[in-house]
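A short worksheet on the structure shown next.
The values are calculated or read from the model by the stated rules, or taken from the named source; none is laboratory data. Predicted model only: the values in this text are computed from it and were never measured. Virtual Cβ from ideal backbone geometry, glycine too; neighbours counted across all protein chains shown.
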Amino acid sequence: MSTNKLSSRLYPSRIDLPADARTKIVELLNQTLAATLDLKTQVKQAHWNVKGADFYQLHEMFDEMADELEEYIDMVAERVTALGGYACGTARMAAASSILPEYPTEILEGMEHVTALAERFAPYAKHIREAIDTTDELGDADTADLYTEVSRTIDKRLWFLEAHLQPAEIKSENGSTAAKSQQKVGVR
Ligand SMILES: [Fe+2]
């Protein structure tokens with residue numbers, strides 16, 4: 001059976017949520033499982049390979065982030081099975097259906113890794129936030145609550161990542177605004 005079919009497989013269950021809603025929720029949760037497994041291994045990749053003056057604090061922070069994601073992997077997979085679904089949780093299944101791009105292999109320094117992770121936490125955060133509404137609309141407040149918990153942590157981690165990048169981004173934005181206004185008034 002292909003991963004596609006497996007991701008919406010449903011076993012008989014006495015749970016009181018209708019089967020058609022559970023099929024949709026299980027499929028969505030399996031998409032989340034793939035992305036979470038992918039993201040966790042990418043964070044570990046950063047944890048191992050980061051270099052530079054900020055090595056130690058980033059090495060530690062990335063490990064904390066990976067630990068949180070590990071917890072969510074288990075939470076998401078067990079929600080799939082609680083709903084009567086089949087959890088698609090092998091590395092190959094995750095790689096085949098993750099919504100995230102592969103982690104860059106040519107980067108070296110701290111801020112390059114922080115940027116690469118921010119670029120992955122942002123689409124992951126969007127996926128999780130959208131899933132809150134989708135599962136709520138499907139009448140599954142428990143899964144919506146699970147997604148809400150994940151969402152809060154992921155937003156916080158995106159903030160932690162972006163806090164490292166914002167001074168440089170704000171400075172370069174101000175620089176280009178200043179350059180534009182200088183051009184406008186003809187300052188050379
Ligand atoms: Fe480690």
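Couple of notes before you dig in:
- Residue 153 being under 26 Å from residue 110 (Cβ atoms) and modelled with pLDDT of 95 or more: yes
- Residues that are among the charged types (D, E, K, R) and surrounded by fewer than 16 Cβ atoms within 10 Å (Cβ to Cβ) were ranked within the stretch 50-64; the one that is nearest to the ligand (Cβ to nearest atom) is 63.
- Condition met for residue 46 (of a type in the set (A, V, I, L, M), within 16 Å of the ligand (Cβ to nearest atom), farther than 26 Å from residue 137 by Cβ and crowded, with 23+ Cβ neighbours inside 10 Å): yes
- From the list 24, 40, 5, the lone residue that is of a type in the set (Lys, Arg), modelled with pLDDT of 95 or more and more than 14 Å from the ligand (Cβ to nearest atom) is 24.
- Checking residue 114 against (1) free of Cβ contacts under 8 Å to residues at least 40 places away in the same chain; (2) surrounded by 13 or more Cβ atoms within 10 Å (Cβ to Cβ), the condition it does not meet: (1)
- Where residue 26 falls short, out of the listed (1) part of a helix (DSSP H, G or I); (2) within 30 Å of residue 168 (Cβ to Cβ); (3) in contact (Cβ under 8 Å) with a residue 24 or more places away in the chain: (2)
- Residues located in the stretch 82-109, provided they are closer than 30 Å to residue 20 by Cβ, surrounded by 15 or more Cβ atoms within 10 Å (Cβ to Cβ) and not small (Gly, Ala, Ser): 83, 86, 88, 93, 99, 100
- Residues that are surrounded by 14 or more Cβ atoms within 10 Å (Cβ to Cβ) and among the charged types (D, E, K, R) within the stretch 120-137 comprise 120, 129, 136, listed in sequence order.
- Criterion applied to 74, 67 was being without any contact (Cβ under 8 Å) to a residue 24 or more places away in the chain, more than 16 Å from the ligand (Cβ to nearest atom) and on the phi < 0 side of the Ramachandran plot, and the one residue passing it is 74.
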